[in-house]
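Have a look at the structure below, then the notes.
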Amino acid sequence: MILRIISTAGSVIMADGGLSEVEQQRPSRITVLRKTLSDIAANPLDCPRGLIGQHYVDEEYFAYEKATVLQAGWHCVGRVDELPEKGDYRTFKLFDELIILVNSGDGIKALSNLCRHRGMPLAQGCGNARMFVCPYHAWSYKISGDLIRAPRMENKSFNPETCSLPKFPCVEKFGFVYVSLSDTPTNLVEDLKDLTEKLHSYNPSFYRLVHTADEVWNTNWKCLVENFMEGYHLSVVHPKTLHGYTPTELSKKGPSGLGFTSYTAHYPDHISSRGRGSDKLSESERHASFLFAAFPCQVVSIAPPLLVSLSLLPRSSSRVDVRWTMSVYGEELDAQTIDARIALWTEVNREDREKLELMQEALGSRYANGGPLAGPDYEGTVRDFVVWLASRDKEIQQKK
Ligand code: FES
Ligand SMILES: [Fe+2]
């Protein structure tokens, strides 16, 4: 069956992100915006530019992104230590899919949270389960997803073996859980290869979760990625919260790879390190925060004792659900310090959100035509993101 998304403008995007015949015959807004993305990404290193306003406000373009680069991507859906015991589960919606994330006793699995009978969600919220029993007609499933029992199903054509819950690709990395909705996702290990090397000394799996918050930001998801990943705004937007530790002038571009970009926010000499963290860290690493984006939708700040991650779930061109988590290194920080860090990051996020929501209002202007970016240390990560968006778009189209 071919699914179509009818845009507000009346043009048609196929559910797999392809363009309909009509769209192929005349340059649609999508075609124009894809070409503009590709042109901006092709700008030489010494004259980088940002995306144009329509990349951030056009609802039809958002539907195209959702059907392509977003659905095909890997999404951070939580920390491994949120599900410590066999049977622990948490449910959520990732774009159009309801998912049960469950500790199966053999790793964390991402099961479709949809009964194979007539489609009732099997579980809600979070908890611990030995099995999932459908609240509609009581079909029951193992936590591995296999169907156990379907009462009164005597129809001869009924084959229980074809009624297991589908599983989504699911990978544990850095103590995070990543899920993709694609049947043929990219190789996450390859995508994050150089990042894995860089994070090795932090011992990222050792951080334990102490705080989660769910928020709705009225901004485009790409603005949030770009904002988190550039050090250019730090001293201006966060004069009281971050500037003292991570002033703009000490931002330095870090490594980038197939699926990520990064930068380091160094602390001034007169500021002491914020904690010790892993034994493998160098003194220089202890005197900085390292920030990375795992494309498309996760942004992270890691410092020796503290790991803050924002997982973005884009809902429309101007709305993104944000789940942010804070984890701390072992038992290093006491409760009072942890509370102070949560308050600090709550305020930092509020400061960013206020600016991004103001900017979203302006980006529909005809003058929002892609301004020049600052150099690599300040906005090189934004350029990396634009280049990644363009290359993923091209790859996805070439696969068709
Ligand atoms: S919908 Fe689940 S048993 Fe009927
Ligand atoms: Fe910020």
For the chain, size of Cβ-based charge dipole, Lys and Arg +1, Asp and Glu -1, in debye: 1080
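Grab the Cα-Cα distance for Glu85 and Val216, subtract it from 0.36 nm times how many residues apart they are, and report the gain in nm with one decimal. Walk me through the numbers before you get to the answer.
Details: separation 131, 0.36 × 131 = 47.16 nm, distance 3.00 nm.
Net length gain for the segment: 44.2 nm.
If r is the Cβ-Cβ distance from Ala343 to Cys163 and R0 is 45 Å, what FRET efficiency results, to the nearest 0.05? Intermediate values should be presented prior to the final figure.
Numbers: r = 48 Å, r/R0 = 1.08.
Efficiency, from the Cβ-Cβ distance: 0.40.
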Helical contribution to [θ] at 222 nm, DSSP H n ≥ 4, -39,500 (n - 2.57), averaged over the chain, rounded to 500: -8000 deg cm²/dmol
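Within a Cβ distance under 11 Å of Ser317, other residues only, what is the Lys/Arg minus Asp/Glu net charge? Write out the running numbers ahead of the final one.
Values: positive: Lys66, Lys222, Arg315, Arg319; negative: Asp58, Glu59, Glu60, Glu65.
Cβ neighbours under 11 Å give a net charge of 0.
Hey, what did the range 222-350 get for relative contact order, percent, Cα under 8 Å, at least 6 apart? Kindly include the intermediate steps, with their values, before the conclusion.
Numbers: 210 pairs, mean separation 22.8, N = 129.
With pairs under 8 Å counted, the relative contact order is 18 percent.
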Cysteines (scope the chain) whose Cβ has no counterpart Cys Cβ under 4.7 Å: Cys47, Cys76, Cys126, Cys163, Cys170, Cys223, Cys297
Too-long pairs where the Cα-Cα distance tops 18 Å, listed order kept, from Lys35/Lys193; Lys193/Lys394; Lys109/Lys198; Lys86/Lys109; Lys222/Lys355: Lys35/Lys193; Lys193/Lys394; Lys109/Lys198
Filtered GluC sites (Glu not before Pro), the range 83-169: DSSP coil and at most 16 other beta carbons within 10 Å: Glu85, Glu154
Calculated FRET value between Ser273 and Glu361, using beta carbons and R₀ = 45 Å, to 0.05: 0.70
C-alpha center-to-center spacing [the range 327-400, the range 170-216] in angstrom: 17
Per-residue HN-Hα couplings for the range 75-90 [Karplus 6.51, -1.76, 1.60; θ = phi - 60°; Hz; x = Gly/Pro]: 10, 6, 10, x, 9, 4, 6, 6, 10, x, 9, 4, x, 5, 9, 9
Calculated from backbone phi, Karplus (6.51, -1.76, 1.60) coupling profile of the range 203-214 in Hz, x at Gly/Pro: 6, x, 6, 7, 6, 10, 5, 10, 7, 9, 9, 10
Amide H within-cut-off set for His211, under 5 Å, with H built and near neighbours excluded: Met326
Cα-based shape type of the range 75-171, given that a ≥ b ≥ c are square roots of the gyration tensor eigenvalues and the cut on a/c is 1.5: prolate
Under Karplus coefficients 6.51, -1.76 and 1.60, residue-wise ³J(HN,Hα) of the range 128-139 in Hz, glycine/proline x: 10, 9, 8, 7, 10, 10, 5, x, 9, 10, 6, 4
FRET efficiency for Lys400 and Ser201, using Cβ-Cβ distance with R0 set to 25 Å, rounded to 0.05: 0.05
Separation in nanometres of the label points that stand 7 Å from Cα toward Cβ, at Met153 and Glu283: 6.6
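No lab work stands behind these numbers, since they all come straight from the coordinates. This structure is a prediction, so every number in the text was calculated from the model and none was measured. Note that we place each Cβ from the backbone using ideal geometry, even for glycine, and neighbour counts take in every protein chain shown.
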